[in-house]
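This report refers to the structure that appears directly beneath it.
The values are calculated or read from the model by the stated rules, or taken from the named source; none is laboratory data. As the structure is a prediction and not an experimental result, all values here were calculated from the model. Quick reminder, even Gly has a Cβ in these numbers, built from the backbone with ideal geometry, and neighbours come from all protein chains shown. When the accessible area is computed, the model is the full protein with side chains, heavy atoms only, and any ligands, DNA or RNA have been set aside. Shrake-Rupley method; radii C 1.70, N 1.55, O 1.52, S 1.80 Å.
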Amino acid sequence: MKAAVLYFSKGGHTKKMAEAVAEGMRMVAGVQAEIFPLDSIDAEFLKESKAVVFGTPTYYANTCWQVKKWFDESWETDLSGKLGGAFATADYAQGGADVALQTVLSHLLVKGMLVYSGGSALGQPYIHLGPVCSKETFEQSRPLYVTFGERIAQKAQELFAKQKS
Ligand SMILES: Cc1cc2nc3c(=O)[nH]c(=O)nc-3n(C[C@H](O)[C@H](O)[C@H](O)COP(=O)(O)O)c2cc1C
């Protein structure tokens with residue numbers, strides 16, 4: 001089963017987080033996960049992916065304009081029925097990353113995706129809307145981003161493992 005992590009990253013933090021999320025996805029047997037910057041997506045891989053997770057930096061307490069632009073222009077990209085999730089980076093814990101996450105999750109709903117984070121249902125570590133990385137805590141929180149990827153891939157396996165890609 002394929003899983004894709006799509007992200008925008010100018011300074012590299014969101015890319016590092018994308019790599020950690022993909023690492024977690026690959027911990028689930030049978031999952032092939034790849035990361036793609038938004039301007040360099042393998043369309044065939046994306047089409048075959050059962051889970052698609054988006055990573056965004058926080059810009060002015062919301063998603064960055066590059067991610068918003070991608071959604072505004074990607075109406076021909078069919079993600080319907082796929083499992084979706086989101087993660088965000090920010091400089092500060094109080095910098096508005098939850099709003100950035102909610103904006104991305106809203107786009108996933110508009111796309112007809114099945115939106116998932118694991119929520120509190122899976123216990124500790126709690127991941128409600130999606131994981132957030134602030135610059136002070138990246139390394140210590142890295143296991144959380146791996147866990148998020150693993151949870152997304154596990155749910156996708158539960159939902160889709162018996163289907164052909
Ligand atoms: C235009 C701009 C606006 C930003 N606004 C916020 C903000 O509102 N809150 C915050 O915590 N960080 C803010 N940041 C910091 C970025 O979210 C943070 O550095 C992020 O990790 C950058 O991701 P990247 O390294 O993948 O590009 C802003 C950065 C830029 C360039």
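Please find, within segment 9-21, the residue that is nearest to the ligand (Cβ to nearest atom) out of those that are in a helix (DSSP H, G or I) and among the small types (G, A, S).
So in segment 9-21, the residues in a helix (DSSP H, G or I) come out as 13-21.
Cutting the leftovers down to among the small types (G, A, S) gives us 18, 20.
Working: A18: 9, A20: 13 Å.
My answer is A18.
Matching residues to (1) open to solvent by 50 Å² or more (accessible area, probe 1.4 Å); (2) more than 16 Å from the ligand (Cβ to nearest atom):
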residue	(1), (2)
T103	no, no
L108	no, yes
C133	no, no
E136	yes, no
E139	yes, no
Y145	no, no
G149	no, yes
E158	yes, yes
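Yes or no, residue by residue, for (1) basic (K, R); (2) within 16 Å of the ligand (Cβ to nearest atom); (3) open to solvent by 40 Å² or more (accessible area, probe 1.4 Å):
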| residue | (1), (2), (3) |
| --- | --- |
| A4 | no, no, no |
| Y7 | no, yes, no |
| G24 | no, no, no |
| M27 | no, no, yes |
| G30 | no, no, yes |
| L38 | no, yes, no |
| D42 | no, no, yes |
| K47 | yes, no, yes |
| V52 | no, no, no |
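Any chance segment 110-120 includes a residue that's out of contact with any Gly (no Cβ under 7 Å at 6 or more places or on another chain) and in a helix (DSSP H, G or I)? For segment 110-120, residues out of contact with any Gly (no Cβ under 7 Å at 6 or more places or on another chain) and in a helix (DSSP H, G or I): present.
For K162, the conditions (1) under 16 Å from the mean Cα position of the chain (by Cα); (2) charged (D, E, K, R); (3) part of a loop (DSSP other than H, G, I, E, B) all hold with the exception of (1).
As a summary of the residue check, D39 satisfies the conditions (1) assigned to a loop (DSSP other than H, G, I, E, B); (2) touching a residue at least 60 places away in the same chain (Cβ under 8 Å) except for the one numbered (2).
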